[in-house]
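Trainee: Mind looking over this structure? Questions follow.
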Amino acid sequence: MKKHVAVIGTGYVGLVTGACLAEIGHSVVCVDNNKKKIAVLKKGGVPIYEPGLGEVIQRNRKNGRLSFATSIADGMKKAEYVFIAVNTPPKPDGEADLSYVEAVAREVARLLSRYTLIVDKSTVPVHTGEKVKQVLRLHGRPDADFDVVSNPEFLREGTAVKDFLHPDRVVVGVESKRAERAMRELYAPLKGPLIVTDIKSAELIKHSSNSFLAMKISFINAVAGICERTGADVTKVAEGMGHDPRIGKSFLKAGLGFGGSCFPKDLSAYIKMAEEAGYDFELLKSVQKINAEQRRWVVKRLKKALWTLRGKTVAVWGLAFKPDTDDLRNAPALDIIAELCEEGCLVRAHDPVAMNLAKPRLKGVYFARDAYDAAKGADAVALVTEWGEYKELDMKKVRALVHTPVFLDGRNLFDPDGLVALGFQVHAVGRPSAALPASAVGRTPL
Ligand code: NAD
Ligand code: UGA
């Protein structure tokens with residue numbers, strides 16, 4: 001049954017949520033106070049790079065189920081469901097800044113005119129549902145009829161449309177049977193299991209899921225460090241571990257650490273939230289520490305390979321925090337390039353889609369036309385983001401372009417033996433290095 005939905009906040013999550021709810025048959029207005037973003041969308045453009053999203057938006061704009069607005073009042077005219085999908089950035093102390101959520105709740109309160117579900121889609125700390133309810137009561141009419149729902153989102157950038165339309169699970173935290181029924185009706189076209197909980201548990205499911213995944217990544221990165229010290233191969237260790245269904249294969253890829261807009265901020269917010277609840281979440285602090293250290297792998301390895309770095313030219317392949325997105329928020333590449341520049345390196349950077357967004361943030365860096373151009377004359381090439389197209393490169397050509405054939409595979413994208421056969425000195429995270437003499441194995445911690 002078609003429902004009327006307003007989604008407030010048209011970013012990575014709100015736009016995907018709005019477009020996909022329209023795709024499964026609902027009538028959706030996506031609202032954002034960023035006028036430029038809405039203007040692009042109204043003209044048929046897509047303000048972010050997200051594979052498959054453009055098609056879903058176009059289809060649903062044409063069939064009239066998806067439209068855009070700059071005011072919450074316009075978005076809410078017919079809305080039975082109001083999704084809050086605004087940003088919840090970290091404050092300097094790591095706590096989640098909920099002022100955007102509060103501002104939306106305040107405005108929504110004034111506009112409530114029929115029974116409405118206020119659905120929190122943003123990632124928020126436990127107790128936010130209660131606070132939103134308090135704001136709605138404080139600023140709304142005394143007889144306002146609403147339910148607050150927590151409906152955390154688990155999509156990943158790069159595969160967001162698929163993740164939303166084919167979810168592993170949909171979590172809804174509710175306080176009434178009426179709200180549960182309404183959420184079941186809204187998501188009826190989706191096949192994934194609907195997990196119904198109280199609001200606080202739903203809120204905690206989100207932070208716990210992200211923190212657990214981040215913990216898996218830091219765990220395997222710590223194991224990679226042990227592999228480097230002992231001569232074992234982390235890809236083999238991860239494979240052997242992953243076959244145990246209790247462990248699972250996913251999120252055991254060692255690399256340069258996790259980035260993005262969510263894991264880093266959600267870890268900080270969870271640590272802070274736990275602290276407020278009287279618990280010192282030391283485990284998660286270690287996850288953060290390992291992640292910060294992992295980003296230093298490129299520079300540490302380069303020092304091993306090239307000795308001094310001042311004046312050396314380094315090609316950096318990949319800037320976005322992961323492939324298939326243009327998102328640079330907390331991207332390891334930004335920290336790595338900053339460290340390279342501090343060491344006095346000349347950086348030649350390339351990314352298939354994030355170059356324009358990166359340019360204003362990376363002064364003094366040469367932005368290459370393509371990965372080959374980046375490699376020209378380089379003393380070393382560092383693969384930082386594992387874009388699929390890098391795997392297709394003619395590495396023989398790359399070998400001919402570089403000044404010295406030092407290759408740092410920060411994401412274990414390449415077969416090291418293949419590169420060694422082409423004459424590269426290969427350094428790969430957590431794998432035996434073709435560059436290290438046998439005597440270094442087991443004795444020289446990196
Ligand atoms: P984003 O910054 O891309 O988008 C947020 C949007 O909200 C922006 O366009 C901003 O202009 C808009 N906004 C802020 N205040 C507004 C207001 N008062 N009225 C209208 N619009 C307003 O953020 P995002 O990446 O989409 O994340 C949103 C939330 O979803 C965060 O809490 C995040 O943790 C969570 N989340 C994100 C992802 C992801 O992959 N990015 C996945 C799951 C959950
Ligand atoms: C992550 C979660 O996977 C989503 O479920 C969640 O909804 C989202 O955060 C969120 O809350 O915003 P996302 O940040 O888009 O999604 O990307 P991931 O695929 O999870 O990757 C995050 C980071 O971890 C990337 O930097 C990636 O390179 C890194 N990573 C991932 C590894 O280093 N190793 C792995 O095995 C997996």
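A short reminder: the numbers here are calculations on the coordinates, not readings from a lab. Just so we're clear, the structure is a prediction, and the values are computed from it rather than from any experiment. Neighbour counts are summed over all protein chains in view; Cβ atoms, including those assigned to glycine, are modelled from backbone coordinates with ideal geometry.
Trainee: Using θ = phi - 60° and the Karplus relation 6.51 cos²θ - 1.76 cosθ + 1.60, list the HN-Hα couplings for the range 325-331 in order, rounded to whole Hz, with x at every Gly or Pro.
Mentor: 8, 9, 6, 9, 4, 6, 6
Trainee: Then there's this: What is the ratio of the Cα radius of gyration of the range 33-114 to 2.2 N^0.38 Å, where N is its residue count, to two decimals? Walk me through the numbers before you get to the answer.
Mentor: Values: Rg = 15.1 Å, N = 82, 2.2 N^0.38 = 11.7 Å.
For the range 33-114, the normalised Cα radius of gyration comes out at 1.28.
Trainee: Quick one: Karplus J couplings for the range 381-391, per residue in order, coefficients 6.51, -1.76, 1.60, θ = phi - 60°, nearest Hz, x for Gly and Pro?
Mentor: 10, 10, 8, 9, 10, 7, 4, x, 5, 5, 5
Trainee: With a cap of 13 neighbouring Cβ atoms within 10 Å, and only residues DSSP puts in a loop, list the trypsin sites (Lys or Arg not before Pro) found in the range 2-99. Walk me through the numbers before you get to the answer.
Mentor: On the way: sites: LYS2, LYS3, LYS35, LYS36, LYS37, LYS42, LYS43, ARG59, ARG61, LYS62, ARG65, LYS77, LYS78; in loops: LYS2, LYS3, LYS43, ARG65, LYS77, LYS78.
Here the trypsin sites (Lys or Arg not before Pro) that fit, given the DSSP loop and packing criteria, are LYS2, LYS43, LYS77, LYS78.
Trainee: When DSSP beta bridges are limited to those with both residues in the chain, what percentage is antiparallel, rounded to the nearest 5? Don't skip to the answer; put the middle values down first.
Mentor: Working: 2 of 47 bridges.
About 5 percent, rounded to the nearest 5.
Trainee: Also: Are there any trypsin sites (Lys or Arg not before Pro) in the range 346-407 that are in a DSSP loop and have at most 12 other Cβ atoms within 10 Å? List them by number. Could the numbers behind the result be given before it?
Mentor: On the way: sites: ARG348, ARG361, LYS363, ARG369, LYS376, LYS391, LYS396, LYS397, ARG399; in loops: LYS363, ARG369, LYS376.
Listed in order of number, the matching sites are LYS363, ARG369.
Trainee: Around GLU130, under 15 Å between beta carbons, what's the net of Lys plus Arg minus Asp minus Glu among the other residues?
Mentor: Values: positive: LYS131, LYS133, ARG137, LYS200; negative: GLU102, ASP120, ASP147, GLU175, ASP198, GLU203, GLU276.
Here the charged neighbours net out to -3.
Trainee: Using all C-alpha to C-alpha distances in the chain, build P(r) with 20 Å bins and read off the rounded percent in each one.
Mentor: Histogram of Cα-Cα distances, whole percents per bin: 24, 50, 23, 2.
Trainee: Once the convex hull of the alpha carbons of the range 383-425 is built, what does its volume come to per residue, in cubic angstrom?
Mentor: Values: hull volume 2.9 nm³, N = 43.
Convex hull of Cα atoms, per residue: 67 Å³.
Trainee: While we're here: Within 10 Å of each candidate Cβ there may be at most 13 other Cβ atoms; applying that plus a DSSP loop requirement, which chymotrypsin sites (Phe, Trp or Tyr not before Pro) in the range 268-305 survive?
Mentor: Values: sites: TYR270, TYR279, PHE281, TRP297; in loops: TYR279, PHE281.
Here the sparse-neighbourhood loop sites are TYR279.
Trainee: Next question. Could you check what % of the DSSP bridge pairs in the range 4-197 are antiparallel, to the nearest 5?
Mentor: 5
Trainee: Whole number please: convex hull volume per residue, Cα atoms of the range 295-441, in Å³.
Mentor: That works out to 97 Å³ per residue.
Trainee: Turning to a different aspect of this structure: How big is the charge dipole of the chain about its Cα centre, in debye rounded to the nearest 20, if each Lys and Arg gets +1 on its Cβ and each Asp and Glu gets -1 on its Cβ?
Mentor: Numbers: 65 positive and 53 negative charges, 160 e Å.
Computed charge dipole of the chain: roughly 760 debye.
Trainee: Lys/Arg Cβ at +1, Asp/Glu Cβ at -1, dipole of the range 295-441 taken about the Cα centre: which of LEU328, ALA378, CYS341 is farthest positive-ward?
Mentor: Highest projection toward the positive end goes to CYS341.
Trainee: Note down the magnitude of the dipole of the range 44-89 about its Cα centre, charges +1 on Lys and Arg C-beta and -1 on Asp and Glu C-beta and zero elsewhere, to the nearest 20 debye. If you can, show how the numbers build up before the last one.
Mentor: Working: 6 positive and 4 negative charges, 47 e Å.
That gives the range 44-89 a dipole magnitude of about 220 debye.
Trainee: Give me the one-decimal Kirkwood hydrodynamic radius in Å for the range 109-191, with the sum taken over alpha-carbon pairs. Mind showing how you got there, number by number?
Mentor: Numbers: mean 1/r = 0.0713 Å⁻¹.
About 14.0 Å for the range 109-191.
Trainee: Using the structure shown, select from LYS322/LYS391; LYS78/LYS121; LYS162/LYS265; LYS91/LYS249 the pairs with a Cα to Cα distance greater than 22 angstrom.
Mentor: Values: LYS322/LYS391 15 Å; LYS78/LYS121 20 Å; LYS162/LYS265 24 Å; LYS91/LYS249 34 Å.
Distance filter (> 22 Å) returns LYS162/LYS265; LYS91/LYS249.
Trainee: Add +1 for every Lys or Arg and -1 for every Asp or Glu among the other residues with Cβ under 15 Å from the Cβ of ASN210, and state the total. Working shown, then result.
Mentor: Values: positive: LYS121, ARG156, ARG169, LYS206, LYS216, LYS265, LYS272, LYS322, ARG329; negative: GLU153, GLU157, ASP163, ASP168, GLU203, ASP266.
Around ASN210, the surrounding residues sum to +3.
Trainee: Tell me the net charge near LYS35. Cut-off is 15 Å between Cβ atoms, LYS35 excluded, with +1 for each Lys or Arg and -1 for each Asp or Glu.
Mentor: Details: positive: LYS36, LYS37, LYS42, LYS43; negative: ASP32, ASP74.
The answer is +2.
Trainee: Now for a different question. Above 20 angstrom, tally the Cα pairs of the range 206-293 and express them as a % of all pairs, no decimals.
Mentor: Details: 1418 of 3828 pairs.
Result for the distance tail: 37 percent.
Trainee: Dipole of the chain (Lys/Arg Cβ +1, Asp/Glu Cβ -1, origin at the Cα centre): which of THR17, HIS127, ALA179 lies farthest to the positive side?
Mentor: Towards the positive end, the residue furthest out is THR17.
Trainee: Here's a follow-up. Provide the three semi-axes, in whole Å and in decreasing order, of the ellipsoid equivalent to the range 4-197 as defined by the square roots of 5 times the Cα gyration tensor eigenvalues.
Mentor: Details: eigenvalues 110, 70, 63 Å².
In descending order, the three semi-axes are 23, 19, 18 Å.
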